[in-house]
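Notes follow the structure.
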Amino acid sequence: MDPTVLKILLHEVINLTLDHIVLVAVSCGCAVLIGVGVGIAGTRHPHMRRVSVAIASVLQTIPSLALFGFLLPIPLIGGIGKHTAILCLILYSLLPILRNTIVGIASVDRPVREAAVAMGMTDRQLLRLVELPLAAPTILAGIRIALVTNIGTAVIAAVIGAGGLGVLIFRGVASVNTMEILAGAIPAAILALLADAGMSLLERKMAQS
Amino acid sequence: MVLLGQSGSGKTTALRLINRMLDPTGGSICIEGRDISGLDPIELRRSIGYVIQDFGLMPHWTVEQNVALVPRLRCWDAGSQRRRAQELLEQVGLDRTVIGPRRPYQLSGGQKQRVAVARALAVSPGLLLFDEPFGALDPVTRHEMQQQFLSLREQYDVASVFVTHDLLEALTIATRIAVLDRGRLEALVPPSEFLTLQTPVARSFLETLPDGLLNSRIS
């Protein structure tokens, strides 16, 4: 292969990888805020828990390509570009984070919760001092699943013009160019592995403290 | 005062009413002459020592942090929290340098129990609630804990409400025994009079004692 072509491709891979990281980081960040927040609220209000888990579950069953497609024609929130893709990735990441937050807090031992309340903790103190620290490993596991899945799903964001490594893969598929497909797929796989390893490190750190 | 009754007779419910984990559907509860329904439940709970069933120690905290829970909620400075926790561990017969830094899962049942008692005493409460605290312990440890309870009660001179379904325990530590039957107070007597009670629940508890023991106590 011509070295200039290779250089251009390499340049493109780097840019698209950064694009990809932005998509994933922003959407995962928002999904964590929403998922953990709604999850905590869900442990206080059973009705909210049922409704939110139901919505997140339905969202998760929609094929990701279709979800991107659905959002396209919607005014304001939809359309071509990054913001639509990020919204879509947020919706897609919610379920594991939401569910693990609820499960993690619900699995705090009854006597522990009883004692905390009986000793005079307010609801906020119960949450901050007892429930969140004890649920942290479970919540982190949920975030880890969401993050790794998200890196894969973000590839599809390319079809609605949001950029990312999917650009190379879709172009490679369209032009039957294996080199281009690999140039998109390999960095995406590496990103996923790195994210997984990073989260596992974080989980171990949390378990030690 | 000891609350004695079978499972489901309302012993734990009575304790939970006292620290407003539950609110009564009727009637009122007074502590030192003040109706507690007018008090802030959070403040009330912090001023009452409570030893719950199954200990309820915070698994992610050290023993010392567990004991200092209420001082911490009351915003004592870290040094005072620590000093108080160490003092309490000594009082309940635990070695503060060895046990203090440990986590609850590293303790035996008896040690956990002592930590739970130390935690309840942390801010020298005006009232102590004990919910079957010694039920899960072996007989020898239970006896030790009962003796310790008596000496701590003396030392702190604090009113306590103690729930049990063990008649011998009730007779050992009570100044008054309240017999509960399905949410009703069946009898309220000093231990010396308990053996002569004729009410149904009191009788069925007395029948659990070995014959010889009962007769010798009565005569």
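The values are calculated or read from the model by the stated rules, or taken from the named source; none is laboratory data. Just so it is clear, the model here is predicted, and its values are computed rather than measured. Heads up, the Cβs are rebuilt from the backbone with ideal geometry, glycines too, and the neighbour counts pull from every protein chain shown.
The table below gives the values:
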| item | result |
| --- | --- |
| Residue check for A:GLY152: modelled with pLDDT under 95, at the interface with chain B (Cβ under 8 Å from one of its Cβ atoms) and either surrounded by 21 or more Cβ atoms within 10 Å (Cβ to Cβ) or in a helix (DSSP H, G or I) (or both) | no |
| Among (1) in contact (Cβ under 8 Å) with a residue 40 or more places away in the chain; (2) at the interface with another protein chain (Cβ under 10 Å from one of its Cβ atoms); (3) acidic (Asp, Glu), the one test that B:GLU32 misses | (2) |
| Enumeration of residues in segment B:51-88 that are at the interface with another protein chain (Cβ under 8 Å from one of its Cβ atoms) and among the polar types (S, T, N, Q) | B:GLN53 |
| Qualifying residues in segment B:119-134 (those that are under 11 Å from the mean Cα position of the chain (by Cα) and of a type outside the set (Asp, Glu)) - the one nearest to A:GLY120 (Cα to Cα) | B:ALA120 |
| First in segment B:120-139 and within 15 Å of B:MET1 (Cβ to Cβ), second anywhere and at pLDDT below 85 and not in a loop (DSSP other than H, G, I, E, B), Cβ under 7 Å, 6 or more apart | B:LEU127/B:ILE31 |
| Any hit, segment B:2-14, residues being among the small types (Gly, Ala, Ser), in contact with a strand residue (DSSP E or B) (Cβ under 8 Å, 6 or more places away or on another chain) and under 23 Å from B:VAL117 (Cβ atoms) | yes |
| Positions within segment B:161-191 being among the small types (Gly, Ala, Ser) and either at pLDDT below 85 or farther than 28 Å from B:ILE52 by Cα (or both), in sequence order | B:GLY183, B:ALA187 |
| Out of B:ARG72, B:ARG102, sole residue that is charged (D, E, K, R), at pLDDT 90 or above, within 25 Å of A:GLU131 (Cα to Cα) and part of a loop (DSSP other than H, G, I, E, B) | B:ARG102 |
| Wholly enclosed helices (runs of 4 or more DSSP H) of segment A:31-133 bearing at least 3 residues within 14 Å of chain B (Cβ to nearest Cβ) and over 21 Å from the mean Cα position of the chain (by Cα) | A:110-118 |
| Single match in A:ILE145, A:ILE181 (criterion: part of a helix (DSSP H, G or I), more than 23 Å from A:CYS88 (Cα to Cα) and aliphatic (A, V, I, L, M)) | A:ILE181 |
| Selection status of A:ARG44, crowded, with 16+ Cβ neighbours inside 10 Å and touching a residue at least 12 places away in the same chain (Cβ under 8 Å) | no |
| B:ILE99 vs. criteria in contact with a strand residue (DSSP E or B) (Cβ under 7 Å, 6 or more places away or on another chain) and either closer than 18 Å to B:LEU152 by Cβ or within 8 Å of chain A (Cβ to nearest Cβ) (or both) | no |
| Any chance B:LEU22 is part of a loop (DSSP other than H, G, I, E, B) and touching a Lys or Arg at 6+ places or on another chain (Cβ under 8 Å) | yes |
| The one condition in (1) in contact with a Lys or Arg (Cβ under 8 Å, 6 or more places away or on another chain); (2) within 25 Å of A:ASN15 (Cβ to Cβ); (3) not aromatic (Phe, Trp, Tyr) that A:GLU131 fails to fulfil | (2) |
| Candidates B:GLY135, B:GLY110 - the one that is at pLDDT below 90, over 11 Å from B:GLY49 (Cα atoms) and within 14 Å of chain A (Cβ to nearest Cβ) | B:GLY135 |
| Condition broken by A:GLY172, with the remaining ones in (1) assigned to a helix (DSSP H, G or I); (2) touching a residue at least 60 places away in the same chain (Cβ under 8 Å); (3) closer than 30 Å to A:LEU9 by Cβ; (4) of a type in the set (Gly, Ala, Ser) satisfied | (2) |
| Residue that is surrounded by the most Cβ atoms within 10 Å (Cβ to Cβ), among those in segment B:35-50 that are touching a Leu at 6+ places or on another chain (Cβ under 7 Å) and more than 7 Å from every other protein chain (Cβ to nearest Cβ) | B:GLY49 |
